[in-house]
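What follows draws every value from the coordinates through simple rules; no lab data is involved. Since the structure is predicted, the reported quantities are computational estimates derived from the model, not experimental observations. All Cβ positions, even for glycine, are placed from backbone atoms using ideal geometry, and neighbour counts span all protein chains on display.
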Amino acid sequence: MTVGYLKRKLSRISQGDIYKDVEFLEYATQDNGVFAISKIYFPYVVVLTQDCDLQWDSEVGVSLKNQDKKLISVIVAPLYNFEHFKVGEHLSELGMKMQCIQGNSLINAIQNNNNPRYHYIEFGGVNIVDSVIDFKHYFTVNVEYLKKHRKSNYVCQVSPLFREQLNLRFANFLSRIGLPEKK
C-alpha cells in the first residue's frame with residue numbers, strides 16, 4: 001500500500017512522524033563499578049503515540065502551571081526493509097535470523113495489510129524503500145531525545161488517513177487475546 005506523506009514544518013513531534021537513525025537503549029548494567037551500555041540504532045522508525053497526547057505534551061512546555069499531560073516517552077516501531085524482511089535478515093545486525101516469508105499468498109497478505117501482525121508501507125516520492133512494521137517490535141523513545149534530534153533526523157510524516165489506519169491496526173494487534181495452542 002502506497003501511503004501519502006507530508007513534509008511539514010517541525011513544530012512538534014506528531015503521530016505518524018518518521019525519523020531516521022533512532023537510538024534504542026537495549027540495556028545498561030553495572031558490575032563492580034564497570035558500566036556497560038548496549039544501544040541499537042534503527043535506520044527508520046514511525047511514531048505510534050496518539051497525536052492528541054503529543055499535542056498536549058507540546059503545550060505543557062509552554063505552561064509550567066500543570067504538567068500532568070507531560071510525556072516521558074513516545075511509542076515507536078521500526079520500519080524494516082521489505083526485501084530484507086522477506087528473507088529473514090532484517091535483524092541480522094543483532095545476530096538474529098528471522099522467519100523467511102515465502103509463498104505468494106503470504107507475501108500478498110502482508111503487502112495488502114491482511115496479516116494482523118505486519119503493516120506494509122510503500123513510500124512514493126520519499127527516499128525510503130518498501131518497508132514493513134512488525135507489531136511485535138515496538139519500543140519507547142525519550143521525548144527529549146526526539147525533540148533534540150528532530151531537526152536532523154525527521155524524514156516525513158505519514159498522511160493522517162494512513163496513520164490512523166496504522167494505529168488502529170497496531171491497537172488491534174496489541175489487544176488480541178492469546179489462546180493456548182492445541183496439543
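The charge dipole of the stretch 2-174, taken about its Cα centre with unit charges on the Cβ of Lys, Arg, Asp and Glu (plus for the first two, minus for the last two), comes to roughly 440 debye. For the chain, what is the mean residue ellipticity at 222 nm derived from helices alone (per DSSP H run of n ≥ 4: -39500 (n - 2.57); sum divided by total residues; nearest 500 deg cm²/dmol)? Computed mean residue ellipticity for the chain: -8000 deg cm²/dmol. R0 = 22 Å: FRET efficiency of Ser105 with Asn81, Cβ-based, nearest 0.05? Efficiency at R0 = 22 Å is approximately 0.55. Potential lengthening of the chain between Ser159 and Gln30 amounts to 42.1 nm, from the contour at 0.36 nm per residue minus the alpha-carbon distance.
Projected label points at Arg176 and Met96, each 7 Å from Cα along the beta carbon direction, are separated by 1.6 nanometres. Looking at the stretch 2-174, what % of its DSSP beta bridges pair antiparallel, to the nearest 5? So the antiparallel bridges in the stretch 2-174 amount to around 95 percent. Across the chain, Cα-Cα pairs more than 21 Å apart make up 55 percent of the total.
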